[in-house]
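See below for the structure under consideration.
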Amino acid sequence: AVHAEYPPGCEAVLIVELEGDQAVLYRAELKRARAALLQANDQGQLDQLRFHLLTSLLRLRQICCHPRLVGLSNGSSMSGPRVETPGMESAKVAALVELLEPLMQEGQKVLVFSQFTGVLEILEDCFKSQGWSVFKLTGQTENRGTLVASFQSHAGHGVFLISLKAGGFGLNLTAASYVVLFDPWWNPAVEAQAIDRTHRIGQRNQVIAYRLLARGTVEEKIRTLQRDKATMAAAVIQEESLATTLDLESLRQILS
């Protein structure tokens, strides 16, 4: 009965093409990941390589967002080499700015979710340089209630940058009519919760959600895997439990 009061919503997938240095960096990391996967012919061998494969998979997802995320990573926790990325651009960041520019001119409010706090920091600097009003919520934010109230009551345009983990529960953000999922999450239920932040009693506008995916990358493969494997889509998959969720077939599909 409550859901009947929500305005209708729609979702759109925006496919982004990686180019230049970002594409070169992605292909190099993908080559390393595929070479490692070729060493696994059964589940036992996969278990021995799992940490390195999942770390490489993380790097691939980070490169899709912005090459700088790999450059900022602590080399001791990453399986691949440290990469110098100053000056490298992100096709997804450029696409997001292009998407948001007309919305900001209209005075709209937008929620942007990412699983990477590094992405939120990059977007915060980028949007502020555009002269946009920016709010940011991560796991380190202490004044959640005050921040949400400020966004809700803010006059004019605004972008609320939110960490998926920090913003999954307890947020009522009906001031926004647009939601952007900057990068795909393993658990579709978490993505749905993110979009649902705007679907609350009091929301009078149609809510439009955009998903940004890099073409031909692990991001698209993850989405396909979620649709094809019902058990994966239904599971409450967190980064920590990913190792027990992905089997050899799934990894081959993602890195194909």
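The values are calculated or read from the model by the stated rules, or taken from the named source; none is laboratory data. In this text the structure is predicted, and so the values were computed from the model without any measurement. We place every Cβ from the backbone using ideal geometry, glycine too, and count neighbours over all the protein chains shown. Remember, those area values only see protein heavy atoms, side chains included, never the ligands or the DNA or RNA. Shrake-Rupley method; radii C 1.70, N 1.55, O 1.52, S 1.80 Å.
Once both labels are positioned 7 Å from their Cα atoms along Cα-to-Cβ, the gap between residue 51 and residue 247 label points is 2.5 nm. Subtracting the Cα-Cα distance of residue 215 and residue 17 from 0.36 nm times their residue separation leaves 70.7 nm of extension gain.
Working value for segment 5-65: equivalent-ellipsoid semi-axes of 32, 19, 9 Å, each the square root of 5 times a Cα gyration tensor eigenvalue, largest first. Backbone geometry of segment 209-221 corresponds, through the Karplus equation with coefficients 6.51, -1.76 and 1.60 at θ = phi - 60°, to 3J(HN,Hα) couplings of 10, 10, 10, 9, 10, 7, 4, x, 10, 4, 4, 5, 5 Hz, x marking Gly and Pro. Ligands, DNA and RNA excluded, the heavy atoms of residue 113 present near 0 Å² of accessible surface to a 1.4 Å solvent probe.
The Cα-based radius of gyration and maximum Cα-Cα distance (Dmax) for segment 94-188 are 12.4, 35 Å. Loop-located GluC sites (Glu not before Pro) in segment 93-126 (DSSP state other than H, G, I, E, B) with a sparse environment of at most 13 neighbouring Cβ atoms within 10 Å: 106.
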